[in-house]
1. Between the helical axis of 186-199 and the dominant principal axis of the chain, each derived from Cα atoms, what acute angle in degrees is found, rounded to the nearest 10?
2. Which one, Glu179, Glu72, Glu12, has the greatest fluctuation when you compute a Gaussian network model over the chain with C-alpha springs under 10 angstrom?
3. If you wrap a convex hull around the C-alpha atoms of segment 18-113 and split its volume per residue, what is the figure in Å³?
4. Residue by residue, what Karplus-based ³J(HN,Hα) values in Hz, rounded to whole numbers, does segment 51-67 have, using 6.51, -1.76 and 1.60 with θ = phi - 60° and x for Gly and Pro?
5. Grab the DSSP H runs of the chain that are 4 residues or longer, score each as -39,500 (n - 2.57), total them, divide by all residues and round the 222 nm result to the nearest 500 deg cm²/dmol.
6. Can you give the longest run of the chain that contains no trypsin sites (Lys or Arg not before Pro) sitting in a DSSP loop with at most 14 other Cβ atoms inside 10 Å?
7. May I ask you to derive the relative contact order of the chain, considering only C-alpha pairs under 8 Å and at least 6 residues apart, and to give it as an integer percent?
8. So, counting K/R as plus one and D/E as minus one, what does the shell of residues with Cβ under 12 Å around Asp188 add up to?
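Just so you know, all these numbers are worked out from the coordinates, no wet-lab data involved. Values in this document were obtained by computation on a predicted structure and should not be read as measured data. Cβ placement follows ideal geometry from the backbone for every residue including glycine, while neighbour counts extend to all protein chains displayed.
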Amino acid sequence: MNALPQSDYIIEASGLNKSFFGFSAVSDVNLKIRRHSIHALIGPNGAGKTTTFNLITKFLAPSSGTILFNGEDITRLKPEQVARRGVVRSFQISAVYPRMTVRENIRIALQRPLGVAYRFWRSDKTLRVLDNRVDELLDEVGLLSYSEEPATVLSYGRKRSLEIATTLALDPEMLLLDEPTSGLGQEDVERVAGLIRKVSANRTILMVEHNLSVVASLSDTITVLAAGRVLAEGNYETVSTDQRVIDAYIGGTDD
């Protein structure tokens, strides 16, 4: 297979290493993420998935190696700096403002990219300029009918949907999802998986995900990590039949 031109990759990570007090969590990881694709990181416990994810989102600095985003070296940038460039992440634990309404959660997220500095004392009338976009985002994630409800009344799965909506409010070019279906029942898993597929249009998604059925149904490319190294990479059919991947999962569960 011929290599893709460099411009087809939104992220190019080369020779990533991360050590903690002498323990090597990530060793010589090379990762290329194709633009407008869904790319999954999977692996057994202790594989280095979360560390790799945090290196790319800049919540951790690599001990060595480089990370390019759209050809720009972002290796030493801070998380907020890469977020301003269009790299936005979610977290494994749903992070919403529970006592605010669903609409207010989206308004908060919208104010920065639209140049409307957030102030608690701004009048509701002043913020109505955001309502059309709020409604568009809530409709996109299936929460428009919950717009005036406090976020605390939402099911866990719908809180996940709200969190995805708040990340979309930042208009990301690349969306990074940390265990998006973790802790969800089957109905909510299907809802969130469908939402990820929907919002992937014209965006690049990198996700760490433990649910292999979700990985199989959504991912264009899968990178399998084991003991901090890349074990295998390809589509689901390729990696699921790789004997090294099968051996890595025997007797363990993925995190």
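1. The helix 186-199 is inclined about 90 degrees to the chain.
2. Judging by the Gaussian network model, the answer is Glu72.
3. Value for segment 18-113: 148 Å³ per residue.
4. 4, 4, 4, 5, 5, 5, 8, 6, 6, 10, 9, x, 5, 7, x, 10, 10
5. Helices in the chain give a 222 nm mean residue ellipticity of -9000 deg cm²/dmol.
6. Result, exposed sites excluded: 123-255.
7. After rounding, I find 28 percent.
8. Neighbour charge sum, excluding Asp188 itself: +2.
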